[in-house]
1. For the range 83-107, how many residues are under 12 Å from residue 4 (Cβ atoms) and part of a strand (DSSP E or B)?
2. Quickly run through the range 46-69 and pick out the residues that are under 22 Å from residue 14 (Cβ atoms) and either surrounded by fewer than 17 Cβ atoms within 10 Å (Cβ to Cβ) or not acidic (Asp, Glu) (or both).
3. Here are 75, 17: which of them is assigned to a helix (DSSP H, G or I), exposed (fewer than 11 other Cβ atoms within 10 Å of the Cβ), among the aliphatic types (A, V, I, L, M) and modelled with pLDDT of 95 or more?
4. With respect to residue 48, determine if the residue is in contact with a strand residue (DSSP E or B) (Cβ under 9 Å, 6 or more places away or on another chain), of a type in the set (D, E, K, R) and either at pLDDT 95 or above or more than 14 Å from residue 4 (Cα to Cα) (or both).
5. Consider the range 70-90. How many of its residues are of a type in the set (Gly, Ala, Ser) and closer than 10 Å to residue 9 by Cα?
6. Please count how many residues of the range 22-37 are touching a residue at least 60 places away in the same chain (Cβ under 8 Å) and in contact with a Phe, Trp or Tyr (Cβ under 8 Å, 6 or more places away or on another chain).
7. Sort through 80, 54 and tell me the only one that's over 15 Å from residue 3 (Cβ atoms) and assigned to a strand (DSSP E or B).
Amino acid sequence: MDRYIIVYCTVPSNEDALRIAEDMVKTKRAACVNIIPGITSVYRWKGEVCRENEFFLVIKTRESLFESVRDRITAIHPYEVPEIVSLNIADGNTQYLNWVAENTDRV
């Protein structure tokens, strides 16, 4: 049985968000990517506390595609260390999850 995940990723610009989202969907690594603008991230980087405006990506895919998603984002992401984390989808609308399955590659 397929297991599904949501992958979170932040990017610095709308252009980066669109580039990654379109790549994920075109290559069938993800069925859908939501782009949420206007978030503020506060984090420590190289000993300094930083605050940046970012865009938040919510990527819906199969658990079996996580490595491919992670590797591709890492290859095209502008950050040295991009945030790429996944959360398991414990349950959901069966029709929606079937749609995710139909629109992503099988590994």
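1. Residues meeting the conditions: 3.
2. The initial filter retains those residues of the range 46-69 that are under 22 Å from residue 14 (Cβ atoms), namely 50-61, 69.
Passing the criteria: 50, 51, 52, 53, 55, 56, 57, 58, 59, 60, 61, 69.
3. Selected residue: 75, the only one of 75, 17 that is assigned to a helix (DSSP H, G or I), exposed (fewer than 11 other Cβ atoms within 10 Å of the Cβ), among the aliphatic types (A, V, I, L, M) and modelled with pLDDT of 95 or more.
4. On the way: in contact with a strand residue (DSSP E or B) (Cβ under 9 Å, 6 or more places away or on another chain): no; of a type in the set (D, E, K, R): yes; either at pLDDT 95 or above or more than 14 Å from residue 4 (Cα to Cα) (or both): yes.
Taking the combined requirement at face value, the residue does not satisfy it.
5. 1
6. Result for the range 22-37: 1.
7. Matching residue, one of 80, 54: 54.
The values are calculated or read from the model by the stated rules, or taken from the named source; none is laboratory data. Note that the coordinates shown come from a computational prediction; the quantities given were computed from them, not determined experimentally. All Cβ positions, even for glycine, are placed from backbone atoms using ideal geometry, and neighbour counts span all protein chains on display.
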